[in-house]
1. Would you confirm whether or not segment 33-51 contains a residue that is more than 26 Å from V109 (Cα to Cα), exposed (fewer than 12 other Cβ atoms within 10 Å of the Cβ) and of a type in the set (V, I, T)?
2. Somewhere in segment 70-89, is a residue in the same structural domain as A131 (by TED's automatic domain parsing), of a type in the set (G, A, S) and under 16 Å from the mean Cα position of the chain (by Cα)?
3. Among the residues of segment 62-98, which ones are of a type in the set (G, A, S), outside any loop (DSSP other than H, G, I, E, B) and either surrounded by 11 or more Cβ atoms within 10 Å (Cβ to Cβ) or in contact (Cβ under 8 Å) with a residue 12 or more places away in the chain (or both)?
4. Could you check, for segment 102-119, whether at least one of its residues is part of a strand (DSSP E or B) and either in contact (Cβ under 8 Å) with a residue 12 or more places away in the chain or touching a helix residue (DSSP H, G or I) at 6+ places or on another chain (Cβ under 6 Å) (or both)?
5. Taking segment 10-43 as the region of interest, how many residues are within 22 Å of A117 (Cβ to Cβ) and without any contact (Cβ under 8 Å) to a residue 12 or more places away in the chain?
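The values are calculated or read from the model by the stated rules, or taken from the named source; none is laboratory data. Just so it is clear, the model here is predicted, and its values are computed rather than measured. Note that we place each Cβ from the backbone using ideal geometry, even for glycine, and neighbour counts take in every protein chain shown.
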Amino acid sequence: MATRLDRQGVLTRDRPPLLSVVIDEYVLRRRISGPEVMREQLLHLVKLGSALPRVRIQVVPLSAGAYAGLGGPFVIATLPGGEDVVYVEGQLHGQVIDRADYVRQMVEVWESIRGEALSQQQSLDLMAEVAETWT
């Protein structure tokens, strides 16, 4: 856990990276721990998304139905040289892919997912609202 908390420090350094995250509303509502922990986690996300200008958190609402993000989680990272890579994580392993055609396809999937998501402010409001249901 300390390692995860240490990694968050990168978001507050002098030149933080842009972190843009889209999560499914079901994630906000699925009980993983006790209600107080769920509430604290959601309020922490709201705080990060409100206080740090280079952290963007959006939520795909339940009303979206089926959308491209249901294919599973992935990360698109831009390396220092400017090239993008995709990290796909499975239950047993993760894989970094740098093939241009695959990266291009995943960027299109990412844009589709973002198109289904609420705005940043709507997402923060929804997370705060759901956090209050965990009391």
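1. There is no residue in segment 33-51 that is more than 26 Å from V109 (Cα to Cα), exposed (fewer than 12 other Cβ atoms within 10 Å of the Cβ) and of a type in the set (V, I, T).
2. Looking only at segment 70-89, we keep the residues that are in the same structural domain as A131 (by TED's automatic domain parsing), and these are none.
No, segment 70-89 has no match at all.
3. In the first step, residues of segment 62-98 are kept if they are of a type in the set (G, A, S); the result is 63-66, 68-69, 71-72, 77, 81-82, 90, 94.
Now restrict to residues that are outside any loop (DSSP other than H, G, I, E, B): 63-64, 68-69, 71, 77, 94.
Residues satisfying the conditions are A64, A68, G69, G71, A77, G94.
4. As a first pass, look at segment 102-119 and keep what is part of a strand (DSSP E or B): none.
No, that holds for no residue.
5. Total meeting the criteria: 4.
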